[in-house]
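Asker: Here it is: the structure, laid out below.
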Amino acid sequence: MSNKFYITTPIYYINAKPHIGSAYTTIAADVLARFHRMIGDDTFFLTGTDEHGEKNEAIAKKENIDPQEYSDKMSAEFELTWDSLNISNDNFIRTTNKKHKQAVQKALQYMYDKGYIYKGEHSGLYCPGCEQYKTEKDLDKGLCPDHKTKPKVVSEESYMFKMSAFSNKIKKAIEKDELLITPKSKKKEILSFYKDGLKDISFSRTNTTWGVELPWDKKQVSYVWPDAFLNYLTGLDWSGTAGKAPKMWPANVHLMSKDILRVHATIWPAMLLALDLPLPKELFIHGFFLVDGHKMSKSIGNVISPDELIKKYGVDGSRYLLMSATPFGHDGDISFQKFDEKYNADLANGLGNLVARSLTLTLKLFDAGLKLKKTDDSQEIDKAWKSYSNKLENIEIDKALKMVNEQIQYLDGLITKTKPWELIKTKSAKVEKIMYNILETIYHISLMLLPFMPETSDKILESLGIDPTKEKKKNFKDLTKWGRLSEKAKVKKIDILFPRI
Ligand code: MSP
């Protein structure tokens, strides 16, 4: 029986176009979704845009257009960018979508009727960049550490969410890893936040009209976060009924970076408990990119767009470079210089060169009247698949790629050591097995690369005389067995996979 795998990215704010930070999360989720589809899991991958709230409203005002029109334009930018990066999401959810808004209203009404939402008064320090209230402790010299801006003092009549009622239950779930927070350092951080217990929070706004109207008080709109969180359910066609989870729920992984962990580990589980729904299984926190040592920002002018990357390195090149840039789960510094070096080393000289060399050698082999001869070398490849699968199941994305690179280096070494071109000249029968080993290993490498570089993977399979569409319909066990390649493989030359930069 196949397992269920539901993965989400955060839904992105539309106050700016997608950059490589949001692309990073989205490609990573895509890699995991493609891997789970390959191993036969019943997979659903959701991404989308978070369109309400003060911050989005303010930018539409600045551009002098209606917020809905602005949302439509910007949301389309995200969809286009994800298409250009070959992202295989099963749905794209927008919070201004009518069905989403109706479900949010129904859910909030339920929470209100149950007494989990009550009328109160709220005042505090609000950072519109984060769309969150901050405590003095959160600030760095009075400024929001993420946005370097001074939060404004807000005091408003507000509907409050009784988050405090769920504090103990969530804390226990986190402690017992029923709600797993990875990496462990982040789990520790969150548990220390739980020490004093959760406080009730404001769940409605009067200072903006750009949001979902509260059904029982039309003068107020929902705070943007509860509206946003419910995307994880409405993206699965949930209509807002408490206690009734959609088939793919709970999420196996909510992928994100550290900037939004705290809200995901507090507000979101509390809302789910209030709605009688199961908690997600895992919050996975990946690292944060700095560019040339600085946080990407419009004012510094160091924002890298996915388009720029694609122009320079191609779609698969960009996907590869982002996924291998830093250990997944750790912050890291990226730069075009580092990307250039890695592209040339791993893709142009590594994978691309290996495939080209091996195809040329095989054609020479055939020209010399020799053939490919099957070997029985299953042990090593079985081990490799096991280790690769383990890594991707544990979301060690860069480690899985590193492992594939080791296979490439191994083959490069084997070619240098055995010098097949000399053996072909002397028509040594030994070379028939050597070349089979090389090509069959390339077949496995191309499949291991499938989640990362889907187009390249197809091109390599085609060069080995295999129809990728048919091949991918096979079940994972058959697909990954040694000896898939026929002795009569119709090998053909292909264009250079990764031209040198
Ligand atoms: N709209 C909220 C999320 C609501 S989810 C219910 C939001 N949006 S956001 O556009 O600000 O996206 C934040 C997320 O984008 C981060 O958690 C991370 O996934 C990704 N990244 C943004 N910049 C990034 C880097 N520089 N590096 C890595 N990831 C980055 O928060």
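The values are calculated or read from the model by the stated rules, or taken from the named source; none is laboratory data. Bear in mind that the values here come from a model prediction, so they are computed numbers and not experimental data. Ideal geometry is used to build each Cβ from the backbone, glycine not excepted, and the neighbour counts take in all protein chains shown. Accessible surface areas use protein heavy atoms only, side chains included; no ligands, DNA or RNA. Shrake-Rupley method; radii C 1.70, N 1.55, O 1.52, S 1.80 Å.
Asker: Which whole-Hz ³J(HN,Hα) couplings does segment 221-229 yield from phi under the Karplus relation 6.51 cos²θ - 1.76 cosθ + 1.60, θ = phi - 60°, glycine and proline marked x?
Answerer: Using θ = phi - 60°, the values come out as 10, 5, 4, 5, 5, x, 4, 5, 4 Hz.
Asker: Counting only C-alpha contacts under 8 Å and six or more residues apart, can you give the relative contact order of segment 257-384 as a whole percent?
Answerer: 21 percent
Asker: Quick one: work out the % antiparallel among DSSP beta bridges in the chain, nearest 5.
Answerer: Here the antiparallel bridges make up roughly 50 percent for the chain.
Asker: Show that you can apply the helix-only estimate: for the chain, add -39,500 (n - 2.57) for every DSSP H stretch of four or more residues, divide by all residues, and state [θ] at 222 nm to the nearest 500.
Answerer: Rounded to the nearest 500, it is -14000 deg cm²/dmol.
Asker: How high is the relative contact order of segment 4-286, in percent, with contacts defined as C-alpha pairs under 8 Å that are six or more residues apart?
Answerer: 23 percent
Asker: May I ask you to compute the full-extension gain from Asp340 to Lys4, defined as 0.36 nm times their residue separation minus their alpha-carbon distance, rounded to one decimal in nm?
Answerer: 117.1 nm
Asker: Grab the beta carbon distance between Asp72 and Lys490, set R0 = 51 Å, and tell me the FRET efficiency rounded to 0.05.
Answerer: The pair Asp72/Lys490 has a calculated efficiency of 0.60.
Asker: Let me know the volume per residue of the alpha-carbon convex hull for the chain, in Å³.
Answerer: Per residue, the Cα convex hull of the chain comes to 150 Å³.
Asker: Taking the Cα atoms only, what angle lies between the long axis of helix 397-418 and the longest principal axis of the chain, rounded to 10 degrees?
Answerer: The angle comes out near 10 degrees.
Asker: Using amide H atoms built in the peptide plane, which far-off residues or other-chain residues are under 5 Å from Thr43 H to H?
Answerer: Those qualifying (amide H under 5 Å, at least 5 residues apart or on another chain) are Phe5.
Asker: At q = 0.16, 0.19, 0.31 Å⁻¹, what log₁₀ I(q)/I(0) does a Debye calculation on the Cα points of segment 392-440 give, no solvent, two decimals?
Answerer: Those come out to -0.54, -0.65, -1.10, one per q.
Asker: Here is a follow-up. Using a ≥ b ≥ c from the Cα gyration tensor of segment 91-150 (square roots of the eigenvalues), is it rounded, prolate or oblate, where a/c under 1.5 gives rounded and otherwise the larger of a/b and b/c decides, a/b for prolate?
Answerer: Because a/c hits 1.5 or more and a/b fails to exceed b/c, segment 91-150 counts as oblate.
Asker: Can you list the HN-Hα couplings for segment 101-108, worked out from phi with the Karplus curve (6.51, -1.76, 1.60; θ = phi - 60°), rounded to whole Hz and with x for Gly and Pro?
Answerer: 3J(HN,Hα) across segment 101-108, in whole Hz: 4, 5, 5, 4, 4, 5, 5, 5.
Asker: Given H placed 1.01 Å from N in the peptide plane, which residues other than close sequence neighbours of Tyr159 have an amide H under 5 Å from its amide H?
Answerer: Here Gly120, Phe203, Ser204 satisfy the definition.
Asker: Sticking with this one: If you roll a 1.4 Å probe over segment 4-286 with all protein chains in place, what percent of the accessible area is carbon or sulfur?
Answerer: Answer for segment 4-286 is 50 percent, counting heavy atoms of protein chains only.
Asker: How many angstrom lie between the C-alpha centres of segment 80-148 and segment 476-501?
Answerer: Using only Cα atoms, the two centres lie 46 Å from each other.
Asker: With the Cα gyration tensor of segment 133-244 giving a ≥ b ≥ c as the square roots of its eigenvalues, does the rule (a/c under 1.5 for rounded; else a/b larger than b/c for prolate; else oblate) give rounded, prolate or oblate?
Answerer: Here segment 133-244 falls in the oblate category.
Asker: Right, next: Applying 1/(1 + (r/R0)^6) with R0 = 45 Å to the Cβ-Cβ distance of Lys470 and Lys247, what FRET efficiency is obtained, to the nearest 0.05?
Answerer: 0.95
Asker: For labels at Asp331 and Lys364 in the simple 7 Å Cα→Cβ model, what's the distance in nm?
Answerer: 5.0 nm
Asker: Over the chain, average the accessible area per residue using a 1.4 Å probe and give it in Å², no decimals.
Answerer: With the other protein chains kept in place, the chain gives 45 Å² per residue.
Asker: Let me ask something else about it. For q values of 0.21 Å⁻¹, compute log₁₀ I(q)/I(0) with the Debye formula on a Cα-only model of segment 214-304, without solvent.
Answerer: Ignoring solvent entirely, the Cα scatterers give -1.05.
Asker: Where the only charges are on Cβ atoms (+1 Lys, Arg; -1 Asp, Glu), what is the dipole of the chain about its Cα centre, to the nearest 20 debye?
Answerer: Magnitude of the dipole: close to 1220 debye.
Asker: Give me the distance between the Cα centres of segment 234-278 and segment 354-419, rounded to whole Å.
Answerer: Going from one Cα centre to the other spans 41 Å.
Asker: Got the relative contact order for the chain handy, in percent, Cα pairs under 8 Å and 6 or more residues apart?
Answerer: 16 percent
Asker: Modelling each spin label as a point 7 Å along the Cα-to-Cβ direction, I'd like the Lys430/Glu156 distance in nm, to one decimal.
Answerer: Taking the two extended label points, one gets 7.8 nm.
Asker: Output ³J(HN,Hα) for segment 199-216: one whole-Hz value per residue in order, computed from phi by the Karplus curve 6.51 cos²θ - 1.76 cosθ + 1.60 with θ = phi - 60°, and x for Gly and Pro.
Answerer: Going residue by residue, I get 9, 5, 10, 6, 10, 9, 9, 10, 8, 9, 9, 7, x, 7, 4, 6, x, 9 Hz, with x marking Gly and Pro.
Asker: Assuming a ≥ b ≥ c are the square roots of the Cα gyration tensor eigenvalues, decide whether segment 4-286 counts as rounded (a/c under 1.5), prolate (otherwise, with a/b larger than b/c) or oblate.
Answerer: Verdict is rounded for segment 4-286.
Asker: Separation between the Lys148 and Asn390 pseudo-spin-labels, each 7 Å from Cα along Cα→Cβ, expressed in nm?
Answerer: Here the modelled spin labels are 4.4 nm apart.
Asker: Taking amide hydrogens as modeled 1.01 Å from N in the peptide plane, which residues meet the under 5 Å criterion relative to Ile93, leaving out close sequence neighbours?
Answerer: Distant-sequence amide H within range of Ile93: Thr47, Gly48, Thr49.
Asker: Can you tell me the 0 to 90 degree angle between the C-alpha axis of helix 430-449 and the longest principal axis of the chain, rounded to 10?
Answerer: 10 degrees
Asker: To test your reading of the geometry: what angle, between 0 and 90 degrees and rounded to tens, separates the Cα axis of helix 184-194 from the longest principal axis of the chain?
Answerer: 10 degrees
Asker: Ok, one more. Taking the mean number of other Cβ atoms within 10 Å as a proxy for protection, how do you rank 239-251, 258-270 from highest to lowest?
Answerer: Going by the mean number of other Cβ atoms within 10 Å, highest first, we get 258-270, 239-251.
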